[in-house]
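Working notes, structure below.
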Ligand SMILES: NC(=O)c1ccc[n+]([C@@H]2O[C@H](COP(=O)([O-])OP(=O)(O)OC[C@H]3O[C@@H](n4cnc5c(N)ncnc54)[C@H](O)[C@@H]3O)[C@@H](O)[C@H]2O)c1
């Protein structure tokens with residue numbers, strides 16, 4: 001099939017590239033000429049494991065194209081995917097401007113039947129709203145080309161995005177049009193039946209479940225999924241604080257409860273709290289949506305509150321260990337909101353670093369991928385070339401993101417470089433006993 005992808009971020013680029021790899025002809029469109037020129041040369045502007053290689057392969061094999069001309073790309077395609085960013089506005093509501101712009105471009109360009117697929121996470125009812133915009137634009141141009149809107153929410157995780165698209169836990173298709181649903185099923189058939197060829201290992205053998213529903217339910221599934229996942233993390237973080245007081249180990253508690261099939265072990269790792277480009281804005285959006293109907297989201301509000309508290313808890317731990325923060329040097333390992341991504345949006349590390357600097361610390365930082373200072377990170381944060389440079393003369397180290405290379409560090413060497421041997425393992429991933437043996441004062445989360 002011929003596909004047009006509007007939006008070339010984590011979701012757009014990965015979706016477009018994976019669908020091209022399945023044999024479709026895909027044009028990814030962006031108004032950003034520099035970005036499109038880079039992509040045409042095979043240079044991917046984001047960090048996502050294996051994406052460069054897959055883009056290169058599909059460009060070479062003439063299935064994946066990049067263009068700035070949205071009109072031509074829309075007209076040449078059977079299905080148009082909207083994968084634009086939907087960030088939060090200062091009041092917590094979703095900024096739908098980029099989705100609106102895409103709908104306007106589609107309304108102006110369409111000249112025969114198209115399926116419009118919304119992959120962006122959008123407030124409930126946005127599918128109907130996109131239809132309205134397309135119709136309004138058509139009316140201005142005296143045309144009435146038929147189209148259908150489908151909600152096909154995306155569940156990929158940055159850091160394992162390609163794997164998550166090919167081996168997703170489920171595909172959700174929401175629409176009132178039988179024709180559009182059948183076409184979408186055909187498009188996703190190789191993933192649903194796992195019939196495509198791939199070198200990716202390990203390859204799960206099971207077929208992928210398909211949920212076909214109405215537009216509204218599909219939109220709700222995405223918000224409910226992210227709200228529940230954030231709830232699991234805040235829940236275990238709350239439990240971790242109690243563990244600290246009573247002397248229990250939250251990692252064992254999570255293992256113990258996670259073995260219960262009704263609970264499950266995933267997303268029960270206590271730590272510095274959740275962040276990233278999705279959970280904060282999606283929880284804020286669902287609360288706003290509920291408020292529009294006079295409802296209050298008590299559980300979600302508490303989940304957000306616990307998460308804020310979790311970031312402050314790190315500062316409390318630093319105060320307990322150092323007593324005085326002013327004039328101390330603190331090293332922070334990791335900036336991205338999770339490993340294997342360069343995404344720093346709402347990253348816990350940034351809040352922690354900024355707060356330590358406000359309290360008078362000198363903060364040295366290092367991240368394996370994030371090399372440019374994020375705009376919301378204090379100018380005073382000192383970027384280092386590696387973890388050892390961070391450790392040099394630091395009184396305390398905080399592991400904020402669980403990049404694999406931090407787990408494998410030479411802690412004997414780190415100890416010699418530091419002024420004091422204090423370590424806060426913000427993700428409970430380091431070998432506590434080994435660190436203690438080396439001579440560190442180790443503080444984890446809830447253990
Ligand atoms: N990133 C994820 O892990 C993930 C997972 C599932 C769903 N989603 C959802 O998918 C959607 C896209 O997410 P993403 O992470 O790919 O977003 P992103 O911020 O990486 O990029 C989205 C794209 O939106 C467009 N865009 C952003 N700012 C713009 C601007 N100022 N002007 C014009 N265009 C602009 C660009 O094409 C950009 O590439 C969001 O609704 C998000 O909630 C994201």
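The values are calculated or read from the model by the stated rules, or taken from the named source; none is laboratory data. Quantities reported herein were computed from a predicted structural model and do not represent experimental measurements. As a convention, Cβ positions derive from the backbone with ideal geometry for all residues, glycine included, and neighbour counts pool all protein chains shown.
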Region 98-153, residues that are within 12 Å of the ligand (Cβ to nearest atom), in contact (Cβ under 8 Å) with a residue 60 or more places away in the chain and more than 24 Å from residue 186 (Cα to Cα): 98, 102, 105, 122, 123, 126
Selection count where residues are touching a helix residue (DSSP H, G or I) at 6+ places or on another chain (Cβ under 8 Å), within 13 Å of the ligand (Cβ to nearest atom) and more than 19 Å from residue 157 (Cβ to Cβ), scope region 23-44: 5
Given (1) in contact with a strand residue (DSSP E or B) (Cβ under 7 Å, 6 or more places away or on another chain); (2) part of a helix (DSSP H, G or I), index of the condition residue 222 fails: (1)
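Suppose we keep only residues that are in a loop (DSSP other than H, G, I, E, B) and touching a residue at least 60 places away in the same chain (Cβ under 8 Å) within region 58-90. Which one would you say is farthest from the ligand (Cβ to nearest atom)?
As a first pass, look at region 58-90 and keep what is in a loop (DSSP other than H, G, I, E, B): 61-63, 68-69, 76-78, 83-87, 89-90.
Applying the additional criterion that residues be touching a residue at least 60 places away in the same chain (Cβ under 8 Å) yields 76-78, 83-87.
Details: 76: 19, 77: 16, 78: 21, 83: 5, 84: 4, 85: 4, 86: 4, 87: 7 Å.
Ranking the qualifying residues of region 58-90, first place goes to 78.
Select, from 206, 198, the only residue that is closer than 25 Å to residue 338 by Cβ and assigned to a loop (DSSP other than H, G, I, E, B).
Details: 206 fails: closer than 25 Å to residue 338 by Cβ.
Among 206, 198, only 198 is closer than 25 Å to residue 338 by Cβ and assigned to a loop (DSSP other than H, G, I, E, B).
When region 14-35 is examined, which residues are found to be part of a helix (DSSP H, G or I) and closer than 21 Å to residue 372 by Cα? If you could, list the steps in order and put the result at the bottom.
Let us first name the residues in region 14-35 that are part of a helix (DSSP H, G or I), namely 14-21, 33-35.
Scanning region 14-35 gives 34, 35.
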Search result, residues across region 413-431 that are buried (at least 18 other Cβ atoms within 10 Å of the Cβ) and under 23 Å from residue 245 (Cα atoms): 422, 423, 424, 425, 426, 427, 428, 429, 430
Residue count for region 45-57, restricted to those that are touching a helix residue (DSSP H, G or I) at 6+ places or on another chain (Cβ under 9 Å) and in contact (Cβ under 8 Å) with a residue 60 or more places away in the chain: 6
Boolean, residue 332 is under 19 Å from residue 359 (Cβ atoms), in a helix (DSSP H, G or I) and at pLDDT 95 or above: no
Residues located in region 124-147, provided they are surrounded by fewer than 20 Cβ atoms within 10 Å (Cβ to Cβ) and touching a strand residue (DSSP E or B) at 6+ places or on another chain (Cβ under 8 Å): 128, 131, 145
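Looking at region 323-339, is at least one residue without any contact (Cβ under 8 Å) to a residue 40 or more places away in the chain, surrounded by 15 or more Cβ atoms within 10 Å (Cβ to Cβ) and under 24 Å from residue 361 (Cβ atoms)? Give the steps one after another, and end with the answer.
Taking region 323-339 first, the residues without any contact (Cβ under 8 Å) to a residue 40 or more places away in the chain are 323-327.
With surrounded by 15 or more Cβ atoms within 10 Å (Cβ to Cβ) added as a condition, the list becomes 325.
Of the ones still in play, those that are also under 24 Å from residue 361 (Cβ atoms) are 325.
Yes: one or more hits.
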Members of region 346-383 that are in contact with a helix residue (DSSP H, G or I) (Cβ under 8 Å, 6 or more places away or on another chain) and surrounded by fewer than 20 Cβ atoms within 10 Å (Cβ to Cβ): 355, 359, 374, 376, 378, 380
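Residue check: is residue 8 at pLDDT 95 or above, part of a loop (DSSP other than H, G, I, E, B) and within 11 Å of the ligand (Cβ to nearest atom)? Give the derivation first.
Values: at pLDDT 95 or above: yes; part of a loop (DSSP other than H, G, I, E, B): yes; within 11 Å of the ligand (Cβ to nearest atom): yes.
So residue 8 passes the test.
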Single condition residue 20 does not satisfy, out of (1) more than 19 Å from the chain's Cα centre (by Cα); (2) away from the ligand (no atom under 15 Å from the Cβ); (3) surrounded by fewer than 24 Cβ atoms within 10 Å (Cβ to Cβ): (3)
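For (1) surrounded by fewer than 21 Cβ atoms within 10 Å (Cβ to Cβ); (2) within 16 Å of residue 89 (Cα to Cα), each residue gets a yes or a no:
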site: 269; (1), (2): yes, no
site: 289; (1), (2): yes, yes
site: 295; (1), (2): yes, no
site: 300; (1), (2): no, no
site: 303; (1), (2): no, no
site: 309; (1), (2): yes, no
site: 312; (1), (2): yes, no
